[in-house]
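Presented below is the structure to which this report refers.
The values are calculated or read from the model by the stated rules, or taken from the named source; none is laboratory data. Just so you know, these numbers come straight off a predicted model, no measurement behind them. Neighbour counts are summed over all protein chains in view; Cβ atoms, including those assigned to glycine, are modelled from backbone coordinates with ideal geometry.
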Amino acid sequence: MPDTASRDQILDAAERLFAEQGFARTTIKRIGGEAGVNSALLYYYFADKEELYRQVLQRLIGDLVRRTSGSLDRPGPPAARLRALVEAQAEAIASNPRFPRLLVRELAESDAAHAVGPLHVLAATTFRRLCDLVREGQAAGVFRPGLDPRFAAISIVSQVAYFAIARPAIRILLDTGPDGPSPEALRRFARHAAEFALAALTATPAVAPRRRTRRAG
């Protein structure tokens, strides 16, 4: 009976190729060759290329959910848990730099059709808990009450996601050289992003100066 190590080997190879070439251009034969296994073994684990692709996405998003949900479940004030969430998000990306590229391909080429299930899991776990965290901060008077928690949650996670997705542009903007920003640069940006988000959440809206009224006569 084939072991789980072979299955992981196939998933690793498929992940590399799907990230580099996209779903349509990646073939089962090429995946088998990259993984060093016979195509028959590949079909033992996965019914077809589409199921394999879905499993790749599920594994990546599942890892993100595990890392980020744990940071939100820990005790502590809302600000500390928000910082922990953003740092966990950065660590998930740093541990697998192919993740952003593969997800962008899926969104652009398939309109997230293959990732619907894992994204629903993300919405029901990390995203929902982050929205609840914002509401908790609002109820405690720590965060601004007028913000939509859903929009705030999207804004919080978008900063690190964009830094990773726009890596080629970030490389030029930060002049980091051909290898692009390092994992440590990503971690530093994550710390900045958390503080930036907290500043927006806790800032007092600017009050427009009162206009002077001219006295009559």
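Of all residues in segment 21-33, those satisfying the criterion of being exposed (fewer than 15 other Cβ atoms within 10 Å of the Cβ) and either closer than 12 Å to residue 106 by Cα or aromatic (Phe, Trp, Tyr) (or both) are 21, 24. Determine if segment 196-207 includes at least one residue that is over 19 Å from the mean Cα position of the chain (by Cα), modelled with pLDDT under 95 and assigned to a helix (DSSP H, G or I). Within segment 196-207, one or more residues are over 19 Å from the mean Cα position of the chain (by Cα), modelled with pLDDT under 95 and assigned to a helix (DSSP H, G or I).
Here residue 193 meets each of (1) part of a loop (DSSP other than H, G, I, E, B); (2) within 21 Å of residue 87 (Cβ to Cβ); (3) at pLDDT 95 or above with one exception, condition (1).
Is at least one residue of segment 67-83 modelled with pLDDT of 95 or more, among the charged types (D, E, K, R) and in the same structural domain as residue 128 (by TED's automatic domain parsing)? Yes, some residue in segment 67-83 is modelled with pLDDT of 95 or more, among the charged types (D, E, K, R) and in the same structural domain as residue 128 (by TED's automatic domain parsing). Kindly indicate whether residue 103 is buried (at least 20 other Cβ atoms within 10 Å of the Cβ), at pLDDT 95 or above and part of a helix (DSSP H, G or I). So residue 103 does not fit the description; no.
Going through segment 112-149 one residue at a time, which ones are assigned to a helix (DSSP H, G or I), more than 16 Å from the chain's Cα centre (by Cα) and among the hydrophobic types (A, V, I, L, M, F, W, C)? If the condition is that a residue be assigned to a helix (DSSP H, G or I), more than 16 Å from the chain's Cα centre (by Cα) and among the hydrophobic types (A, V, I, L, M, F, W, C), then 113, 133, 134, 139 are the ones that fit.
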